[in-house]
1. For ARG2 paired with ALA96, estimate the spin-label separation in nm (one decimal), with each label point 7 Å from Cα along the Cα-to-Cβ line.
2. Taking Cα atoms, how many degrees apart are the long axis of helix 223-250 and the longest axis of the chain, rounded to 10 and kept between 0 and 90?
3. Rounded to the nearest 10 degrees, what's the angle between the helix 254-271 long axis and the longest principal axis of the chain, both from Cα atoms, 0 to 90?
4. Students sometimes get this wrong: rank ASP276, ASP58 by accessible area, probe 1.4 Å, all chains present, largest first.
5. In what sequence, largest accessible area first, do ASP111, ASP28 appear using a 1.4 Å probe?
6. Give the Debye-formula value of log10 I(q)/I(0) at each listed q (0.13, 0.24, 0.28 Å⁻¹), with one equal scatterer per alpha carbon of segment 239-299, two decimals each.
7. Where in segment 225-250 is the amide nitrogen less than 20 Å from a point lying 7 Å along the Cα-to-Cβ axis of ARG264?
8. Please work out how much accessible surface GLU190 shows to a 1.4 Å probe, ignoring ligands, DNA and RNA, in Å² rounded to 10.
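The values are calculated or read from the model by the stated rules, or taken from the named source; none is laboratory data. Predicted, not measured: the structure shown is a model, and the values here were computed from it. Neighbour counts are summed over all protein chains in view; Cβ atoms, including those assigned to glycine, are modelled from backbone coordinates with ideal geometry. Areas reflect the complete protein model, heavy atoms only, side chains present, ligands, DNA and RNA absent. Shrake-Rupley method; radii C 1.70, N 1.55, O 1.52, S 1.80 Å.
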Amino acid sequence: MRIVPIDVGYLGLAEAANAFLVRGPVGDALVECGTATTWSTLAAGLAAHGVAPAGVGDLLLTHIHLDHAGAAGHLAEAGARVRVHPFGVAHLVDPARLVASSRRVHGTAYDRFYGDLRAVASERILAVEDGARIEAAGLVFEAMHTPGHARHHVVWLLDHAGERHAFMGDLAGILVPGSEFVAVPTPPPEFDPDAWRASLARVIDARPSHLWLTHGGLVGGSARVAEAFLRRASDRLSTEVSWLRELVATGVDEPTCIRAYGRRERAAARAAGVDDARMADFVDDAFLRMNLGGARRAFTPRP
Ligand SMILES: [Zn+2]
């Protein structure tokens, strides 16, 4: 078994998002697939390892946000079975609402970075319940439902040769490559801080040795290192959430919020060795606006 990260070139950047090719004893599976606009980059990445799209038997998705699942329709057309949280099924079969929601979040950047989705034929999708064990590429993957970043989020666990691999999706945040800075994506409409912390605790209890971050690549190599990273991610989530909660409660206007939030993130990133120019690639105003939208929604009491 071998896991090969493929950089899909998300946002036109190097190392901003991966798909993971899992080479098993009986064929190949893929975890994540990038956006529809990065499909050709993914296909080229697969080809570099001698894999045609039709050679991907199973596509395992951590969630249906478009940087993770945007090319699912392309792979399903090539013949892949698509494994996704039950809440994600309808959105992949008919992506109209997913596209509309993503357009609301990403605005004019949508067409540049996300593009036209292909629907996934319903007979190609399999919903995975919490704890479901599925066979792909001759390996057994276990689905762990991990809401918080989104309610349709799944962490995939894979045991092999004494190692426990966890495909983390966005649950441990966005690691700026080559640094220790983790950005916490809190998008609307489903960001739920309490559920997120509980999900991270569940993953810590599962004692993975290798964490595969869609945004950031491999972290760990031992259960001790992986646990330390997950605990840091959980602490970072907590401090970020309480700071955002206070910011939202001040009631100040959006531009002021964005400026304060940007200053805070840049300072934290600098302390972790990420300069402002590099940071601007990963954490721009659009990202901050998205997070604020999620925070406002999560912290506003609803009737
Ligand atoms: Zn996401």
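1. 4.5 nm
2. Result, in degrees: 40.
3. For helix 254-271, the angle is close to 70 degrees.
4. Greatest to least solvent exposure: ASP276, ASP58.
5. ASP111, ASP28
6. Treating every Cα as an identical point scatterer, log10 I(q)/I(0) equals -0.32, -1.01, -1.24.
7. Correct set: 232-250.
8. GLU190 has an accessible surface of roughly 50 Å² with all protein chains in place.
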